[in-house]
Amino acid sequence: MSAFYASTTEFSMDTLAQLKAGQLAGIKRLDLSCGLTEFPPEIFDLADSLEILNLTGNALTSLPHDLHRLTHLRVLFCSDNGFTELPECLGQCAQLSMIGFKANRIASVPGASLPPLLRWLILTDNCISQLPNELGERPLLQKLMLAGNQLEQLPESLANCKNLELIRIASNRLTHLPDWLLALPGLTWLAYAGNPVEMAVDVASDDATPNIPWSQLALGEVLGEGASGIIRKATWAPPTGPVTAVAVKLYKGSITSDGSPLHEMQACIAAGLHANLIKVRGRVVDHPDGQAALVMDLIDPSYRNLAALPSLASCTRDIYQPDTRLRAEVALRMARGIASVAAHLHEQGITHGDLYGHNILWNEAGECLLGDFGAASFHATADSLETRALQRIEVRAFGVLLGELLERIDAGLSEEKRRELEALQGRCCQPDVLARPGFSAIEASLSAL
């Protein structure tokens, strides 16, 4: 979501001046981040057109009771403000479907604050200990972001949300995962790290991971940046052996929409070695600011992201370039690689939690790497109904990915093989969670093709 918040304060000050001067008539989206302490009443002058309102990064504590006058408002962001309660006026906004109030001080979520068309709710990094039962009475709810709160339980009414596909409940106070949650027919991406329920799992020691002193590293250009940290090109000069080009990921300390960056680092280490994972060389020690970091293999520049992040409109579905076309052997090689690495992670007691095309790097030969462990969680390695359900939820994510690959195959796939792959995709996405195949069986089916 970082691109959505890209407006600078200077730009927003200019925008505020234009708003007050009546120069923004007819716009569909308004971004204001300029220290606002009150909702500018001139926004109501845009009621005939405004669909997206981003008030992130201000000092607001309330919204006007008649916000519903913005009759076309579909998306509202008020993250990084001073709200202590989710405003009840939101519930009267007939078209409002996406709400973001990350990093406020919200402790109360009244049932009346939830609009009828609610599809995407972001309440990450607040002080919420209880959610209203009315949340389960929003049938369109598809994406629910609750990481970094104080929740000890979830409302059982959420069992009614058959369209719920993505839920982030990491870094809360949950002592168990309810049976109804693990049986939701559409649940596809689940992150629950940093709760007592996960901490009770015996995680394998990472003592085998080498420590790499900060002094042996020389940082270069920034390769990428996400919510959990920055990845930079670097050279590593160990006391013995050659100087090596590597990548260094420097982790941020704050809670992200997925959970804690430090939990992500732990999962990266625990994942171990696999041909479809980026190899971890070691953990950085003696950083001058005490920042956590990992040294990893530098990825060949021939690799690129398979897809882009979901958009406001697509909600839980990745965005592919319109011209993305794949030969059958390339798509099948990627599918086998991802099934293989997912099976490996499950054997280690790890669910990735974010198995998506945008987290896959690939090249023209069909070689691929699964990255971004920000939503990863640990589970018991012993077979149980809970373990099986957690793994089969991730199988649905693979089914979605397989469907996306099938849509983009332009040559080399017979009708018979396509039918077999479509049948496999259907089994991965069937609503009966425990009836889905495991990744070992999926990998075997793909190898047979």
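The values are calculated or read from the model by the stated rules, or taken from the named source; none is laboratory data. Since the structure is predicted, the reported quantities are computational estimates derived from the model, not experimental observations. FYI the Cβ positions are ideal-geometry reconstructions off the backbone, even for glycines, and counts take in every protein chain you see.
Things worth noting here:
- Of everything in segment 169-185 that is surrounded by fewer than 17 Cβ atoms within 10 Å (Cβ to Cβ) and touching a residue at least 12 places away in the same chain (Cβ under 8 Å), the residue that is farthest from Val395 (Cα to Cα) is Arg173.
- Filter result (within 26 Å of Arg105 (Cβ to Cβ) and part of a loop (DSSP other than H, G, I, E, B)) within segment 165-198: Ile169, Ala170, Ser171, Asn172, Arg173, Leu174, Thr175, Tyr192, Ala193, Gly194, Asn195
- Of all residues making up segment 95-118, the number that are touching a residue at least 40 places away in the same chain (Cβ under 8 Å) and among the basic types (Lys, Arg): 1
- Residues in segment 365-412 that are among the charged types (D, E, K, R) and closer than 28 Å to Arg333 by Cβ: Glu367, Asp372, Arg388, Arg392, Glu394, Arg396, Glu404, Glu407, Arg408, Asp410.
- Out of Leu154, Leu166, Leu190, Leu217, sole residue that is crowded, with 18+ Cβ neighbours inside 10 Å, outside the structural domain of Arg436 (by TED's automatic domain parsing), among the hydrophobic types (A, V, I, L, M, F, W, C) and farther than 30 Å from Lys279 by Cβ: Leu154
- Tally of residues being crowded, with 17+ Cβ neighbours inside 10 Å and either hydrophobic (A, V, I, L, M, F, W, C) or under 17 Å from Cys89 (Cβ atoms) (or both) across segment 112-125: 8
- Selection status of Lys233, under 30 Å from Leu76 (Cβ atoms), among the basic types (Lys, Arg) and touching a strand residue (DSSP E or B) at 6+ places or on another chain (Cβ under 6 Å): no
- Annotation note: of Ala397, Ala441, the sole residue that is modelled with pLDDT of 95 or more, in contact with a Ser or Thr (Cβ under 7 Å, 6 or more places away or on another chain) and of a type outside the set (Lys, Arg) is Ala397.
- In segment 77-109, the qualifying residues are those that are touching a Leu at 6+ places or on another chain (Cβ under 8 Å) and hydroxyl-bearing (Ser, Thr, Tyr), and the one that is farthest from Gln150 (Cα to Cα) is Ser97.
- A count restricted to segment 11-42 and to residues that are in contact with a strand residue (DSSP E or B) (Cβ under 8 Å, 6 or more places away or on another chain), closer than 20 Å to Leu96 by Cβ and part of a helix (DSSP H, G or I) stands at 0.
- Count - residues of segment 109-154 that are hydroxyl-bearing (Ser, Thr, Tyr) and closer than 19 Å to Asn195 by Cβ: 2
Yes/no matrix, rows are residues, columns are (1) exposed (fewer than 14 other Cβ atoms within 10 Å of the Cβ); (2) farther than 17 Å from Ala94 by Cβ; (3) modelled with pLDDT under 95:
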position: Leu46; (1), (2), (3): no, no, no
position: Leu50; (1), (2), (3): no, no, no
position: Asn54; (1), (2), (3): no, yes, no
position: Thr61; (1), (2), (3): no, yes, no
position: Thr71; (1), (2), (3): yes, no, no
position: Phe77; (1), (2), (3): no, yes, no
position: Asn81; (1), (2), (3): no, yes, no
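- For segment 126-150, the set of residues classified as crowded, with 16+ Cβ neighbours inside 10 Å and under 16 Å from Leu174 (Cβ atoms) consists of Asn126, Ile128, Leu131, Leu135, Leu144, Met145, Leu146, Ala147, Gly148, Asn149, listed by residue number.
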